[in-house]
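So the structure is just underneath, and the comments pick up after that.
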Amino acid sequence: PSLANVAYHPYMLREGGVPSLEMQVLVPIQEENEFNHNIIEIGKLLEQDSSYVKMAKEAYNRAPDFYVITRAISLFERTLISGNSKYDQYLNKKAKLTKKEKNGLELFFSDRVNCSSCHEGFNFTNYSFKNNGLYTDYKDIGRMRFSKDSNDIALFKTPTLRNIEVTGPYMHDGSITTLKQVIAHYNTGGKNHKNKSNLIKPLGLSDKEAEELEAFLLTLTDKQFINNSQFSN
């Protein structure tokens with residue numbers, strides 16, 4: 001998932017089991033398939049680097065320990081704000097959409113296609129948990145991992161569509177590689193699953209309409225944000 005506008009998220013991870021960015025920082029550190037480490041030990045390692053010690057003392061008046069690590073990373077993540085796409089410029093009357101893009105916009109917000117029921121608001125997500133009919137059987141149990149409720153099997157947090165052009169592969173497991181394939185999936189209405197959202201149903205989009213919908217999604221790319229040198233290595 002994209003970190004763009006993660007500051008606005010009410011909870012983190014696909015199953016929504018972590019309530020803050022500070023707590024989310026701990027997840028990859030402890031996760032056996034990621035850092036598989038201990039934050040206390042990482043703090044001790046950082047204390048051996050005088051530049052980190054100096055910055056931690058200036059910012060937090062303490063050594064670069066667990067508190068500093070979680071606060072500093074989450075604070076940086078809150079600076080990753082994206083809101084200057086072509087679509088935003090269009091809303092602010094600073095850019096014009098092509099006919100193709102505008103037709104796609106109308107489809108996106110229409111009752112027929114209904115994308116905006118889940119992908120709504122400034123961040124193009126309502127942060128709800130949904131099953132979108134990707135599979136009939138899921139290897140990942142989704143939100144049930146957190147809730148222990150069978151009604152939450154294979155429900156995943158709705159992702160933002162901002163910068164969707166550059167955030168593939170798509171779906172909770174990265175199983176779809178292109179936006180065209182994503183639109184094709186929703187156009188079919190998805191596969192049957194007991195928890196599939198009743199919002200997921202065949203759309204009946206023509207090839208032309210599918211192209212228009214994709215054209216609109218491409219207007220959500222914030223080139224200023226993704227090319228910001230402050231966010232590069």
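Restricting attention to the stretch 219-231, the residues that are part of a loop (DSSP other than H, G, I, E, B) and open to solvent by 70 Å² or more (accessible area, probe 1.4 Å) total 1. Taking the stretch 132-162 as the range and being of a type in the set (S, T, Y) and either within 22 Å of R112 (Cβ to Cβ) or surrounded by fewer than 19 Cβ atoms within 10 Å (Cβ to Cβ) (or both) as the test, the residues that pass are Y135, T136, Y138, S147, S150, T158. Annotation: of all residues in the stretch 163-187 being within 20 Å of K208 (Cβ to Cβ), in contact (Cβ under 8 Å) with a residue 24 or more places away in the chain and of a type in the set (A, V, I, L, M, F, W, C), the one that is most open to solvent (accessible area, probe 1.4 Å) is A184. Kindly check whether there is at least one residue in the stretch 125-132 that is hydrophobic (A, V, I, L, M, F, W, C) and touching a Leu at 6+ places or on another chain (Cβ under 8 Å). There is at least one residue in the stretch 125-132 that is hydrophobic (A, V, I, L, M, F, W, C) and touching a Leu at 6+ places or on another chain (Cβ under 8 Å). Listed conditions (1) part of a loop (DSSP other than H, G, I, E, B); (2) crowded, with 17+ Cβ neighbours inside 10 Å; (3) among the polar types (S, T, N, Q) are all met by S110, apart from (2). Scanning the stretch 113-144 for residues that are part of a loop (DSSP other than H, G, I, E, B), under 15 Å from F156 (Cα atoms), hydrophobic (A, V, I, L, M, F, W, C) and touching a residue at least 24 places away in the same chain (Cβ under 8 Å) gives C118, L134.
The single condition from (1) at pLDDT below 95; (2) in contact with a Gly (Cβ under 8 Å, 6 or more places away or on another chain) that G189 fails is (1). Among all residues of the stretch 201-218, there is at least one that is open to solvent by 30 Å² or more (accessible area, probe 1.4 Å), within 14 Å of C115 (Cβ to Cβ) and in a loop (DSSP other than H, G, I, E, B). Scanning the stretch 126-148 for residues that are of a type outside the set (K, R), within 18 Å of G174 (Cβ to Cβ) and under 16 Å from the mean Cα position of the chain (by Cα) gives N131, N132, G142. Residues of the stretch 113-123 that are touching a helix residue (DSSP H, G or I) at 6+ places or on another chain (Cβ under 7 Å) and open to solvent by 30 Å² or more (accessible area, probe 1.4 Å): C115 alone.
The values are calculated or read from the model by the stated rules, or taken from the named source; none is laboratory data. Model, not experiment: these values are computed from the prediction. Backbone-built Cβ (ideal geometry, glycine too); neighbour counts: all protein chains shown. In case anyone asks, the SASA skips ligands and DNA or RNA and just uses the protein heavy atoms, side chains included. Shrake-Rupley method; radii C 1.70, N 1.55, O 1.52, S 1.80 Å.
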